[in-house]
Amino acid sequence: MTELEKYYEKFDEDHRLKTRHGQVEFFVTMKNILAFAAPSAKILDVGAATGAYSVPLSRQGFDVTAVELVPSNLQKLRAKHEKVKCWQGDARDLSFLDDATFDIVLMLGPLYHLHTEEDKLKALSEAARVAKKGGLVFCAYTMNEYAVTQYCFGQNKIKENFAAGQIDKNFKTISRDGDLYSYVRLEDINALQEKSGLERVKIFSPDGPADYMRRELNAMDDETFGLFKNYALEISERPELLGAGSHLVDVLRK
C-alpha cells in the first residue's frame, strides 16, 4: 500500500466537504461547474475519491464517469450504488478512455499529489485528450502560502522545515517523492497552463478565506453562514486574493 493509499484509508473526503469550510469550497466549485455544464454534458471526474462531486452531479442528471486511484475510495463510491460509471486509474494514464469523449473533465485532487512538472503536464495532457474540442478541464491546486502560514508558522515548524530542506529562502515549499502534497504559487499554475497548450477561461479560489476561519464559520448561525458562502463566491475571482486561500481552480478550454 502506498503512502497515498494509507492516507486516504484514514481520510474522509465526504466528511471534509460537509464541514463548514468544506461546504464553502463545494458551493463555489459546484456553482462554477454548473455554470458551464449543459444539461446533456458528459462529465469525467478524475480523482473522484468517494464521489463528493460525482454523486451530486449524477443526481442532477449528468452522465458522470469517475476515475479513482485509491481502491478503498473506489469501493466506497461503488457501494453508494449511484449512476456513476467507475474506473480505477491514474490521472497520468487514462488510456482506458477514448479521445474526445467528455464535455467537462474535473481534476479536483490529482494535481495535489503530483510533484514534478512532468507528471502534472502528463495529467493535463490526458485530461485534454479525453475532452471534446471546446471542452473544459477544471484543475485544482493546493497553495504554497496556505501551507507556509498554517503549517510552517502556524505550528511553529518553520525552523525545522528550513533545516530539513522542505522550504527555500523565498519561502517556497519543496516537495519530493513520498510527500503527500505539492504546493504551488500562481506563477507555477500559469506556467503549467501555458505549457499545456490549453486556453484559460477563468481561475478562481474555491474556498477564499474559509480555511483560515474554521472556528468563526462554526460559530455562525445559518443565515450568516449563507451570506458568507455568497461572499466567498463573489470574491472568488478577485486577482488580489488569488493564491491566498488553500486552493485554486484553473478552468481551461481545449
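The values are calculated or read from the model by the stated rules, or taken from the named source; none is laboratory data. On a predicted model such as this, the values are computed, not experimentally measured, just so you know. All Cβ positions, even for glycine, are placed from backbone atoms using ideal geometry, and neighbour counts span all protein chains on display. Areas reflect the complete protein model, heavy atoms only, side chains present, ligands, DNA and RNA absent. Shrake-Rupley method; radii C 1.70, N 1.55, O 1.52, S 1.80 Å.
Mind ranking Glu145, Glu3 by accessible surface for me, highest first, 1.4 Å probe?
Greatest to least solvent exposure: Glu3, Glu145.
Calculate for the chain the 222 nm mean residue ellipticity that helices alone would give, adding -39,500 (n - 2.57) per DSSP H run of length 4 or more and normalising by residue count, nearest 500 deg cm²/dmol.
Mean residue ellipticity, 222 nm, calculated: -11000 deg cm²/dmol.
So, in nm, how far is label Lys18 from label Leu4 when the simple model puts each one 7 Å beyond its Cα toward the Cβ?
Simple spin-label model gives 2.6 nm for this pair.
What full-extension length gain, to one decimal in nm, is calculated for Lys169 and Lys31 as 0.36 nm per residue of separation minus the Cα-Cα distance?
Additional length available on full extension: 45.9 nm.
Would you kindly find the accessible area of Ile104, with a 1.4 Å probe and non-protein molecules such as ligands, DNA and RNA excluded, rounding to the nearest 10 Å²?
0
What is the extension gain from Asn230 to Phe153, computed as 0.36 nm multiplied by their sequence separation minus the C-alpha to C-alpha distance, in nm to one decimal?
Gain on stretching Asn230 to Phe153: 24.7 nm.
Per-residue accessible area for Thr116 at 1.4 Å probe radius, Å² rounded to 10?
In the full protein context, Thr116 sits at about 60 Å².
Could you sort 217-228, 197-208 so that the peptide with the highest average Cβ count within 10 Å comes first and the rest follow in order?
Going by the mean number of other Cβ atoms within 10 Å, highest first, we get 197-208, 217-228.
Need one value: the accessible area of Cys152 in square angstrom, 1.4 angstrom probe, rounded to the nearest 10.
Surface open to solvent at Cys152 totals about 10 Å².
Give the cross-link partners of Lys159 among the lysines, using a straight C-alpha distance below 18 Å as the criterion and excluding same-chain residues fewer than 8 apart.
Candidates past the 8-residue exclusion: Lys169, Lys172.
Please list, or write none, the lysines whose alpha carbon is within less than 24 Å of the alpha carbon of Lys254, excluding same-chain residues fewer than 8 places away.
Lys31, Lys42, Lys85, Lys120, Lys122, Lys132, Lys133, Lys195, Lys202
Take Arg78, Arg253, Arg59 and sort them by solvent-accessible surface of the protein heavy atoms, 1.4 Å probe, largest at the top.
Greatest to least solvent exposure: Arg59, Arg78, Arg253.
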